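S.K.: Below you'll find the structure I mean.
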Amino acid sequence: MKEIVDKLDGYLHSIRRLAKDNCDYWAIHIEVEDDIEKAIRDYFAEAHIETEVMGIKKVDYDIIEKHFDRFITKHLTTNTEDQIYMLLWDIVEYYGMASTQINPDGPFNPLVSEGALEITVKQEEPFHKELIYFLVQIENQAILTGLGIRA
């Protein structure tokens with residue numbers, strides 16, 4: 001799964017270029033031993049920028065779509081609706097590839113069918129004026145995705 005997350009991270013980086021490079025998008029692979037909230041807090045406790053987790057809540061795909069619109073779509077240099085749809089749907093499909101790699105009988109699109117955990121954070125020295133994370137857990141692994149608009 002790590003290889004798929006690395007590819008998703010690269011894809012998100014290329015979309016960043018279409019957003020005039022004033023946004024940041026990234027994906028990180030996380031191992032989940034027991035408790036997902038503990039794994040999230042442990043990840044941020046070790047981050048290179050001092051980051052405090054302010055909240056974790058379950059959200060459905062409709063909320064993720066709103067985040068995609070606010071953090072990605074509104075910043076893209078392309079405005080062709082079909083192109084934007086395909087760019088965003090490609091992101092969704094990476095979660096599906098990761099899911100079926102771990103469990104071929106599991107959900108193909110866990111981001112759509114299962115939703116995600118939305119994580120709000122506060123950073124000591126904010127680089128982004130807006131920042132949101134969401135996490136999709138797939139069995140004992142997870143994909144943490146960050147979307148940020150630079151200050």
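S.K.: On a full-extension model of 0.36 nm per residue, what is the gain between W89 and E124, subtracting their alpha-carbon distance, rounded to one decimal in nm?
M.R.: Length gained between W89 and E124: 9.3 nm.
S.K.: Report the relative contact order of segment 2-150, percent, no decimals, based on alpha-carbon pairs under 8 angstrom and at least 6 residues apart.
M.R.: 33 percent
S.K.: Could you tell me the relative contact order of segment 1-82? Use alpha-carbon pairs under 8 Å, at least six residues apart, and round to a whole percent.
M.R.: 31 percent
S.K.: Please give the charge dipole size of segment 1-129, origin at the Cα centre, charges +1 on K and R Cβ atoms and -1 on D and E Cβ atoms. Round to the nearest 20 debye.
M.R.: 540 debye
S.K.: Something else: Figure the gain on full extension for T77 and E65 (residue separation times 0.36 nm, minus the Cα-Cα span) and round it to one decimal in nm.
M.R.: 2.5 nm
S.K.: Could you pull out the GluC sites (Glu not before Pro) across segment 79-151 that fall in loop regions by DSSP (anything but H, G, I, E, B) with no more than 15 other Cβ atoms inside 10 Å?
M.R.: Here the sparse-neighbourhood loop sites are E124, E139.
S.K.: Show me 2-12, 36-46 ranked by packing, highest mean number of other Cβ atoms within 10 Å first.
M.R.: 2-12, 36-46
S.K.: Let me know the charge dipole size of segment 38-113 about its Cα centre in debye, to the nearest 20, where only the beta-carbon of Lys, Arg (+1) and Asp, Glu (-1) is charged.
M.R.: That gives a dipole near 260 debye.
S.K.: Length gain on complete extension for the stretch F108 to D35, per 0.36 nm per residue less the alpha carbon to alpha carbon distance?
M.R.: Separation in residues times 0.36 nm, less the Cα-Cα distance, equals 24.0 nm.
S.K.: Moving on to the next point. Taking the Cα centre of segment 2-150 as the origin and placing charges on Cβ (Lys, Arg +1; Asp, Glu -1), which of Y61, A47, H13 is farthest toward the positive end of the dipole?
M.R.: H13
S.K.: Okay, moving on. Give the Rg (one decimal place) followed by the Dmax (whole number) of segment 1-72, computed from C-alpha coordinates and expressed in Å.
M.R.: 14.0, 40
S.K.: Could I ask something else about it? Take each complete run of DSSP H in the chain, measure how far its Cα atoms stretch along the helix's own axis, and keep only those covering 20 Å or more with mean Kyte-Doolittle hydropathy at least -1.0; list them.
M.R.: Qualifying helices, which must be both long enough and hydrophobic enough, are 2-18, 81-102.
S.K.: Another question, if that's okay. Can you list, bin by bin at 5 Å, the percent of alpha carbon pairs in the chain, starting at 0?
M.R.: In whole percents, the pair-distance histogram is 2, 9, 19, 23, 22, 15, 7, 2, 0.
S.K.: For every helix of n ≥ 4 consecutive DSSP H residues, a contribution of -39,500 (n - 2.57) applies; sum these over the chain, divide by its total residues, and give [θ] at 222 nm rounded to the nearest 500 deg cm²/dmol.
M.R.: -13500 deg cm²/dmol
S.K.: Could you name the lysines in cross-link range of K122, using Cα to Cα under 16 Å and dropping any fewer than eight places away on the same chain?
M.R.: K57
A short reminder: the numbers here are calculations on the coordinates, not readings from a lab. Quick caveat, the model's predicted, so the values are computed rather than measured. Cβ atoms come from the backbone with ideal geometry, glycine included; neighbour counts cover every protein chain shown.
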